[in-house]
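Below is one structure, written out as structure tokens; comments come after it.
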Amino acid sequence: MPEPAVQVLMHAARVRVVAGTLAQLLVMLALLSAVPAAAALGLGSTALAGRLAVVAGVLCVLGFLLLRLPGLDLRRVDLQWNEALAVTALAFLLAAGAMVWPMMAAGIGPLDALLETVSAVTTTGLTVLHGLESADPAVLFLRAWMQWYGGLGIAVLTAALIMRHHTSARRLLETTGERLTSAGARHHARTVFVVYAGLTALAVAAVWAAGVAPFDAVLYALPAAATGGFAPADDSLAGLPVAAIGVLTAVCLLAAVSLPLYARVPSRGLGVLWRDEEVHMLVALVLLVTLALMLIGQWQQGLDWPAALGHGLAIGVFAQTDTGFSTTDIAALPAAALLVLMLSMTIGGCTGSTAGGLKIVRLLVLLRLVQLALRRTAVAERAVLNARVDDERVEQDMITGALQLLTLWLAVLLLSWLVFLLHGAPALPSLFEVVSATANAGLSAGLTGPALAPLLKAVLIVDMLFGRVEIVAMLVLLYPPTWIGRRRKT
């Protein structure tokens with residue numbers, strides 16, 4: 001057969017593979033839409049329920065049409081790495097885009113609805129909605145539900161549906177913040193999902209027991225488990241009982257730990273958590289940020305030490321875990337506190353958790369490189385030294401990946417900040433907002449809201465997607481020649 005004909009056939013085969021994967025993804029999103037539709041119907045919000053039902057129906061029809069493509073065999077679907085990156089990015093784009101029309105039932109325009117849905121599925125927590133205490137409860141549940149399945153559901157369910165090959169699954173899960181530790185992606189997805197569901201159920205029960213009404217407990221617990229930060233109140237957690245704030249703080253901290261670690265506890269004991277280097281660093285960073293915020297609160301805000309400690313601990317946890325909850329007005333904090341929070345949000349939580357940011361493992365890699373450089377000054381030139389994290393040697397591709405991502409992050413942050421500055425926005429709040437969006441943290445310095453310029457809202461939307469999906473995956477999706485019909489060489 002002529003070479004061009006072979007290439008055409010290979011291209012068609014890869015297109016069918018991607019189409020089959022997208023078909024399953026559309027059906028999955030339709031099923032996820034059924035939950036808030038049923039809740040809206042039960043809460044008496046028939047308009048929202050109708051919109052969600054229409055969206056679910058359209059997604060199902062599109063999915064089944066794709067499944068009927070000639071030559072498609074789902075039993076043989078095996079994505080390459082480049083295709084997996086593109087589909088992972090598409091998962092978040094489709095999830096956010098599908099919910100724009102239903103979110104407009106809250107009385108907002110298409111752009112504001114898109115910012116709200118992107119903030120939800122990326123578990124960021126930035127919002128343009130105000131007057132949440134009197135908002136439609138069904139809309140509040142939709143926001144919380146989207147954050148919950150955005151936190152881990154899409155990444156895990158996508159992997160469970162589409163990945164058959166071990167190497168491709170590992171790469172996909174690493175891109176979305178996971179490390180494949182079991183024999184296959186399906187088993188991994190089931191295990192992590194059970195942990196995630198268990199943490200969510202525990203959060204709902206604990207928040208309810210702390211004095212919050214049952215429905216409100218759900219609205220707070222779902223974003224907490226996802227480290228999302230959407231709250232059903234304009235003042236976030238400020239109006240909650242102290243016990244409920246403590247519970248939510250603990251849930252966010254637990255969710256920022258690598259979830260696969262919890263699955264090992266029954267066989268290896270609780271010590272498996274503390275032996276993990278990322279967990280050590282997470283706790284150390286939370287304590288460091290808490291201390292810094294407490295001192296700033298005492299010296300610059302005049303708070304007594306119990307109040308400074310309470311607010312410092314809560315906000316420190318919410319920043320380090322990239323959760324958009326807060327117990328005070330972030331915009332009123334001193335510049336020093338905003339700088340501390342930006343650094344904390346950028347680092348984020350553990351790999352394999354629902355937290356955003358660059359991830360602690362990358363910080364550990366960079367620290368090990370610095371230690372290695374210092375050690376080399378005191379040993380023979382030909383001595384062989386290796387950087388290690390969790391007793392595993394740091395390979396060159398991991399170092400390259402960490403430096404690559406850090407460079408891309410800085411580029412995105414600086415370009416986004418420049419757009420804000422050119423638009424006349426204040427410098428420090430603009431930088432804070434951009435960092436919060438890219439880290440999927442959701443804490444706001446007061447700029448994000450209905451009055452924000454449309455261009456700046458669009459910048460934040462792009463930043464949130466870059467941060468959650470990770471920049472390389474989005475770039476692959478935005479440049480189709482890297483994945484449509486392109487066979488990756490092994």
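The values are calculated or read from the model by the stated rules, or taken from the named source; none is laboratory data. All values derive from a computational prediction rather than experimental measurement. Don't worry about glycine lacking a Cβ; one is built from the backbone with ideal geometry, like all the others, and counts go over all protein chains shown. Calculation scope for accessible area: heavy atoms of the full protein, side chains included, ligands and nucleic acids excluded. Shrake-Rupley method; radii C 1.70, N 1.55, O 1.52, S 1.80 Å.
Among all residue pairs at least 6 apart or on different chains, which show Cβ distances below 6 Å where the first residue, located in the stretch 101-114, is in contact (Cβ under 8 Å) with a residue 40 or more places away in the chain and over 17 Å from A53 (Cβ atoms) and the second is open to solvent by 60 Å² or more (accessible area, probe 1.4 Å) and of a type outside the set (F, W, Y)?
That search, which allows pairs on different chains as well, returns L111/P454.
Consider the stretch 308-338. How many of its residues are open to solvent by 40 Å² or more (accessible area, probe 1.4 Å), among the hydrophobic types (A, V, I, L, M, F, W, C) and within 12 Å of S444 (Cα to Cα)?
Matching residues across the stretch 308-338 total 2.
One line per residue, one yes/no per condition, for (1) open to solvent by 40 Å² or more (accessible area, probe 1.4 Å); (2) closer than 30 Å to A189 by Cβ; (3) in a helix (DSSP H, G or I); (4) modelled with pLDDT under 95:
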{"position": "V340", "(1), (2), (3), (4)": "no, no, yes, no"}
{"position": "G352", "(1), (2), (3), (4)": "no, yes, no, yes"}
{"position": "L363", "(1), (2), (3), (4)": "yes, yes, yes, yes"}
{"position": "W417", "(1), (2), (3), (4)": "yes, no, yes, no"}
{"position": "G424", "(1), (2), (3), (4)": "yes, no, no, no"}
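Looking at the stretch 214-238, I want the residues that are within 20 Å of Y196 (Cα to Cα) and aromatic (F, W, Y) and have a partner that is open to solvent by less than 10 Å² (accessible area, probe 1.4 Å) and not in a loop (DSSP other than H, G, I, E, B) with Cβ atoms under 7 Å, at least 6 apart or on another chain. Which pairs are those?
Here the result reads Y220/V207; Y220/L248; F230/A120; F230/R143; F230/A144; F230/Q147; F230/P223, each pair linking the stretch 214-238 to a residue that is open to solvent by less than 10 Å² (accessible area, probe 1.4 Å) and not in a loop (DSSP other than H, G, I, E, B).
Could you give me the residue pairs with C-beta distances under 8 Å whose first residue belongs to the stretch 412-426 and is more than 17 Å from I471 (Cα to Cα) and touching a residue at least 12 places away in the same chain (Cβ under 8 Å), whose second residue is acidic (D, E) and crowded, with 18+ Cβ neighbours inside 10 Å wherever it lies, and which are 6+ apart or on separate chains?
F420/E433
On the basis of being modelled with pLDDT of 85 or more and either under 26 Å from T123 (Cα atoms) or open to solvent by 30 Å² or more (accessible area, probe 1.4 Å) (or both), does A30 make the cut? Break it down into steps so the answer makes sense when it comes.
Numbers: modelled with pLDDT of 85 or more: yes; either under 26 Å from T123 (Cα atoms) or open to solvent by 30 Å² or more (accessible area, probe 1.4 Å) (or both): yes.
Yes.
Give just the number: which of (1) open to solvent by less than 10 Å² (accessible area, probe 1.4 Å); (2) free of Cβ contacts under 8 Å to residues at least 40 places away in the same chain; (3) of a type in the set (G, A, S) does G297 not satisfy?
(2)
Working only within the stretch 229-256, note down all residues that are under 21 Å from T351 (Cβ atoms) and out of contact with any Pro (no Cβ under 7 Å at 6 or more places or on another chain). Please lay out each step first, then the result.
Within the stretch 229-256, the first condition is being under 21 Å from T351 (Cβ atoms), and the residues that meet it are 229, 250-256.
Once the filter is applied, which keeps residues that are under 21 Å from T351 (Cβ atoms) and out of contact with any Pro (no Cβ under 7 Å at 6 or more places or on another chain), the stretch 229-256 yields A250, V251, C252, L253, L254, A255, A256.
Might you let me know whether the stretch 285-308 holds any residue that is in a helix (DSSP H, G or I), within 21 Å of S353 (Cα to Cα), at pLDDT below 95 and hydrophobic (A, V, I, L, M, F, W, C)?
no
Can you find a residue in the stretch 253-260 that is open to solvent by less than 50 Å² (accessible area, probe 1.4 Å), touching a residue at least 24 places away in the same chain (Cβ under 8 Å) and out of contact with any Gly (no Cβ under 9 Å at 6 or more places or on another chain)?
no
Among the residues of the stretch 89-103, is any out of contact with any Leu (no Cβ under 8 Å at 6 or more places or on another chain) and either open to solvent by 10 Å² or more (accessible area, probe 1.4 Å) or at pLDDT 95 or above (or both)? Can you show your working first?
Going residue by residue through the stretch 89-103, those that are out of contact with any Leu (no Cβ under 8 Å at 6 or more places or on another chain) are 101.
Within this subset, residues satisfying the condition of being either open to solvent by 10 Å² or more (accessible area, probe 1.4 Å) or at pLDDT 95 or above (or both) are 101.
Yes - at least one qualifying residue is present in the stretch 89-103.
Could you check the stretch 430-457 and list, in sequence order, the residues that are in a helix (DSSP H, G or I) and closer than 28 Å to T351 by Cα? Spell out how you get there, then give the answer.
From the stretch 430-457, those in a helix (DSSP H, G or I) are 430-438, 454-457; that's our starting set.
Once the filter is applied, which keeps residues that are in a helix (DSSP H, G or I) and closer than 28 Å to T351 by Cα, the stretch 430-457 yields S430, L431, F432, E433, V434, V435, S436, A437, T438.
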